[in-house]
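Right, one structure below, let's go through it.
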Amino acid sequence: MKFIKNFLFGIRAYFKAVKFIIEHKIYWYLFIPAILMLIIYQIGASIKSHYIAPKAENMNEIVWYFIYVMIEIFIAILLMKFAKYLVVILLSPLISHLSMKTEKVLTGNSYPFSWVQLIHDVKRAMRIVVRNMMWEYFFIVVIFIVSILGWEDPKSSPIFYLSFLIGFFYYGFAFLDYINERRRLNMNESIQFVRKNRGLAISIGCVYSLLILVPVDLGALFNWSNFSQDVSGTLGRFFLHLFLWFCAASAPILAIVASTIAMDDLVDLKKNKYSDKIEDLAE
């Protein structure tokens with residue numbers, strides 16, 4: 001069955017990606033999302049701990065004061081709780097670059113750097129993300145409504161778990177589209193390609209989701225207040241969340257390398273007529 005074959009194909013690509021990253025010494029890329037994630041979290045923590053002295057002498061000033069506080073709290077929570085997702089959005093240029101670098105090593109294909117092309121790639125990636133997000137939530141709402149009608153507890157419905165598969169598909173789609181863009185497929189052509197190879201998209205998105213959605217608490221890396229009372233517990237939480245932090249940070253890097261490797265095996269990227277060829281493949 002093509003679906004199962006492509007699904008296993010994508011899983012194997014992740015193992016190849018780990019080997020590829022180590023062999024070609026590009027593991028330092030993993031530190032970029034890791035550090036960025038910590039910076040975003042720390043900014044959020046600083047905003048949340050910021051004390052605003054109220055200077056409200058009338059009702060109008062009181063209303064604006066509360067609006068200001070609510071906006072600041074919202075931004076703090078966004079930065080602290082959704083740092084993993086903001087990192088992926090901010091990493092679009094890096095993901096595009098790393099995909100091209102991986103393809104260059106695999107095939108010799110070279111794509112000259114261009115600010116115009118980079119901006120185009122980022123814009124296209126954002127359009128894909130927004131499109132996929134809208135469709136994903138549409139299907140989730142439909143599944144939830146059906147689950148409510150047929151089951152007392154919607155989460156106990158067998159079809160409720162389809163929402164996870166849908167999320168996996170759209171996550172994988174976003175990563176595969178970076179390569180499809182270099183193949184000069186327009187968005188509709190890329191959509192049709194991913195639909196025909198949905199097993200690959202789901203496997204790429206599945207592993208990515210398991211990594212990016214690990215329950216890491218970045219605050220545990222900085223909270224040492226109970227160290228003197230609970231040494232082993234504090235160290236245990238620190239190393240656990242340090243490991244989970246590494247897993248979450250490595251997710252976009254592993255996903256784009258695995259996507260590029262899988263696409264090369266699937267369609268033979270050497271045949272991409274829109275690339276420049278180089279003789280030295282050992283970079």
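No lab work stands behind these numbers, since they all come straight from the coordinates. These numbers come from a predicted model, not from an experiment. Positions of Cβ are generated from backbone atoms using ideal geometry, with glycine treated the same way; all protein chains shown enter the neighbour counts.
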Label-reachable residues, the range 185-206, where backbone N falls under 17 Å from a point 7 Å from Lys2's Cα toward its Cβ:
189-203
What is the dipole size for the range 182-283, taken about its Cα centre, with +1 at each Lys and Arg Cβ and -1 at each Asp and Glu Cβ, in debye to the nearest 20?
580 debye
Spin-label point model (7 Å from Cα, Cβ direction): what's the Leu165 to Val18 distance in nm?
2.7 nm
Can you tell me the FRET efficiency between Leu90 and Leu210 if r is taken as the Cβ-Cβ distance and R0 is 25 Å, rounded to the nearest 0.05?
0.70
So for the range 163-283, averaging the separation of alpha carbon pairs under 8 Å that are six or more residues apart and normalising by length, what relative contact order in percent results?
31 percent
Of the chymotrypsin sites (Phe, Trp or Tyr not before Pro) in the range 210-272, which ones lie in a loop per DSSP and count no more than 16 other C-beta atoms within 10 Å?
Phe222, Trp224, Phe227
Only loop residues by DSSP count here, and only those with at most 10 other Cβ atoms within 10 Å; note down the trypsin sites (Lys or Arg not before Pro) in the range 1-39 that meet that.
Lys25
With unit charges on the beta carbon (Lys/Arg positive, Asp/Glu negative), name the residue among Asn188, Gly167, Val231 whose Cα is farthest towards the positive pole of the charge dipole of the range 157-283.
Asn188
State the extension gain, in nm to one decimal, for the chain segment bounded by Asp276 and Phe227, taking 0.36 nm per residue of separation less the distance between their alpha-carbons.
12.0 nm
Against the rule of thumb 2.2 N^0.38 Å, how large the Cα Rg of the range 196-283 comes out:
1.67
Whose amide H sits under 5 Å from the amide H of Ser110, counting only residues 5 or more places off or on another chain, with H placed in the peptide plane?
Asp276, Lys277, Ile278
